[in-house]
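Step one of this worksheet: look at the structure below.
The values are calculated or read from the model by the stated rules, or taken from the named source; none is laboratory data. Small disclaimer: the values here were computed from a predicted structure and weren't measured. We place every Cβ from the backbone using ideal geometry, glycine too, and count neighbours over all the protein chains shown. Just so you know, the surface numbers come from the protein's heavy atoms only, side chains and all, with ligands and any DNA or RNA stripped out. Shrake-Rupley method; radii C 1.70, N 1.55, O 1.52, S 1.80 Å.
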Amino acid sequence: MKFCKKYQEYMQGQEKKLPGVGFKKLKKILKKCRREDTHEVHDVRTCPDHCPVCDGSFFPALLKEMSAVVGFFNKRAQKLLELHLASGFRKYFFWFKGKLRGNHVGLIEEGKDLVTYALINAIAIRKILKKYDKIHYSTQGQAFKSQAQSMHIGILQSPWLCELMAFHINLRETKTMSRKAPALFEGCSLKINDGKPSLACELFDSVKLDVDLTCSICLDTVFDPVALTCGHIFCYMCACSAASVTIVDGLKAAEPKEKCPLCREARVYEGAVHLEELSMLLSRSCHEYWEQRLQTERVERVRQAKEHWESQCRAFMGV
């Protein structure tokens with residue numbers, strides 16, 4: 001079965017209409033572009049800047065659809081993980097509002113649906129961009145993909161996908177899970193090679209994810225991990241140091257001019273996501289390292305907090 005048909009069947013089989021890639025519509029646009037270009041020499045160096053079909057229809061439509069897909073996925077994944085991590089009064093509040101299903105199997109099924117949705121759309125986007133490059137004899141489709149990632153609408157770069165992978169492994173390893181509980185997706189695991197952990201997952205036959213869990217600032221396993229809006233993951237304290245803020249003020253206090261240490265993109269700290277599921281996974285899998293790092297960071301956090309409040313007191317007293 002061709003992917004286009006498989007994708008359409010998947011989207012039509014959903015209970016509710018979900019945002020998706022107009023795969024069939026975009027292919028028709030490309031066919032139109034090819035027909036109009038049959039009797040002319042296509043200058044690949046100028047496309048898509050001077051391709052009226054692509055400029056006016058293909059890329060704007062795809063960009064809008066990608067934004068809708070990523071926005072929907074992030075919102076649903078965030079809500080699912082909030083339900084899983086809810087405790088105490090908050091948990092009863094969700095239960096009262098009818099949002100908490102109350103069992104791990106239900107959470108896993110919802111997580112499985114979300115991951116499948118994210119990945120089948122990632123494949124659809126990749127295939128339609130490859131089709132574009134094939135027709136135009138160019139690499140503009142790949143360039144557009146890079147542009148989309150810089151705009152934070154690359155679904156495989158979403159921190160919530162990383163959290164869902166950790167969420168699955170956490171549930172799989174808890175004693176409260178039934179042996180008959182369905183798997184979230186196959187091939188997902190935490191790998192540790194030479195003391196360096198990574199999240200690995202093979203999905204379908206064409207998508208492989210490998211998330212490096214080494215902080216590029218301290219060069220250790222990420223501790224209390226956060227993902228910046230550009231998608232790069234760091235230790236929380238390392239990220240605070242890179243953003244020139246204290247742990248008391250937090251990343252939201254970072255100046256817009258502060259850049260990611262890896263990609264040098266600005267304005268990436270305010271919307272940083274705390275990866276709580278990943279933190280739980282690493283604390284259990286790298287227990288000895290986690291305890292050592294916890295002791296070290298506790299001393300540093302106390303020091304920074306003391307300095308912060310001393311400076312606040314001096315400012316208040318006008319010293």
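Residues that are exposed (fewer than 14 other Cβ atoms within 10 Å of the Cβ) and within 16 Å of GLY195 (Cβ to Cβ) within segment 280-310 comprise HIS287, GLU288, GLU291, GLN292, listed in sequence order. Residue check: is CYS260 hydrophobic (A, V, I, L, M, F, W, C) and more than 19 Å from the chain's Cα centre (by Cα)? Judged against the criteria, CYS260 is not a match. With the requirement that a residue be in a loop (DSSP other than H, G, I, E, B) and open to solvent by less than 60 Å² (accessible area, probe 1.4 Å), what does segment 14-26 give you? If the condition is that a residue be in a loop (DSSP other than H, G, I, E, B) and open to solvent by less than 60 Å² (accessible area, probe 1.4 Å), then GLN14, LEU18, PRO19, GLY20, VAL21, GLY22 are the ones that fit. When segment 150-172 is filtered for residues that are within 18 Å of LEU62 (Cα to Cα), assigned to a helix (DSSP H, G or I) and open to solvent by less than 70 Å² (accessible area, probe 1.4 Å), the ones remaining, listed by number, are SER150, ILE155, LEU156.
Of the residues ALA86, ALA77, the single one that is under 24 Å from HIS274 (Cα atoms), open to solvent by less than 100 Å² (accessible area, probe 1.4 Å) and modelled with pLDDT of 85 or more is ALA77.
Of all residue pairs spaced 6 or more apart or on separate chains, those with beta-carbon atoms under 8 Å, a first member in segment 240-268 that is farther than 19 Å from GLN312 by Cα and touching a residue at least 24 places away in the same chain (Cβ under 8 Å) and a second member that is polar (S, T, N, Q) and open to solvent by less than 80 Å² (accessible area, probe 1.4 Å) are PRO261/SER216; LEU262/SER216; GLU265/SER150; ARG267/THR229; VAL268/THR229. Across segment 104-138, the number of residues qualifying as crowded, with 18+ Cβ neighbours inside 10 Å, hydroxyl-bearing (Ser, Thr, Tyr) and either over 18 Å from MET165 (Cβ atoms) or touching an Asp or Glu at 6+ places or on another chain (Cβ under 7 Å) (or both) comes to 2. Of all the listed residues (SER57, SER67), the sole one being at negative phi, of a type in the set (Ser, Thr, Tyr) and modelled with pLDDT of 85 or more is SER67. Scanning segment 227-239 for residues that are β-branched (Val, Ile, Thr) and either open to solvent by 30 Å² or more (accessible area, probe 1.4 Å) or without any contact (Cβ under 8 Å) to a residue 40 or more places away in the chain (or both) returns a single hit, THR229.
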